[in-house]
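Readers should treat all values here as calculations from the given coordinates under stated rules, not as data from a laboratory. Only a predicted model underlies this, so the values are computations on that prediction, with no experimental measurement involved. Methodologically, a virtual Cβ is constructed for each residue, glycine included, from the backbone with ideal geometry; neighbour enumeration extends over all protein chains shown.
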Amino acid sequence: MKNILAVLIIAVSFSACSGKIVAEPFEPAREWAEQGLTASYVFAKGKALMNPSIFGPDKRRTEARDAALENARANMLSLIEASYINESIPVSRLIEGDAFLESQIAAVIEQNSRTVRTEWSKTDCAVIIRLPRESLKLVGITLVR
């Protein structure tokens, strides 16, 4: 009886670890990019080095992650500034005449961006954030490309 039970457990574990991945039938298609514009989101990547003078590995990682987030937000702002509202007007031209608009866009990025991925190495941290393109409509910006 014990031998049959052991064989059954081994057979179940081998069948469970066969490597087949069952996809969820109602899982929505996910948009993904390291950095750039997709149909629904703006993605940006930020990197930061860990400071070796900070005592404690957890504190060092937290500081590096916070710095990488700030770098990703700055990269997202410059990516949005390089984008176009319509075929001929870049966002950077609107921001030149209105410094308040740049601060509004930065506030929207800070409030509505979400961390998608955090990657650690021994010396640095990389963070990828995304911002729904719909949230830029709060400021009056609809990106074309």
Study note, to complete from the structure: Listed by chain and number, the residues whose amide H is under 5 Å from that of Asp124, excluding neighbours fewer than 5 places away on the same chain and using placed H, are Met50
Practice item. Grab the other residues whose beta carbon is less than 15 angstrom from that of Ser103, score K and R as +1, D and E as -1, and report the net. Key: -4
Practice item. May I ask you to list the residues of segment 96-112 whose amide nitrogen lies under 20 Å from a point 7 Å from Cα along the Cα→beta-carbon direction of Ala74? Key: 96, 99-112
Exercise for review: Would you list, by chain and number, the aspartates and glutamates whose Cα falls below 19 Å from the Cα of Lys45, excluding same-chain residues fewer than 8 positions away?
Suggested key: Glu31, Glu34, Glu63, Asp66, Glu70, Glu81, Glu110, Glu119, Asp124
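Given the Cα-Cα distance of Lys137 and Glu119 and 0.36 nm per residue of separation, how much length would full extension add, in nm? Present the calculation step by step, with values, prior to reporting the outcome.
Details: separation 18, 0.36 × 18 = 6.48 nm, distance 3.04 nm.
Net length gain for the segment: 3.4 nm.
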Study note, to complete from the structure: The answer for Tyr41, listing residues at least 5 apart or on another chain whose modeled amide H is closer than 5 Å to its amide H, is Arg133
Check your understanding: What is the distance, in nm, between label points placed 7 Å from the Cα along the Cα-to-Cβ direction at Gln111 and at Arg61?
Key -> 3.2
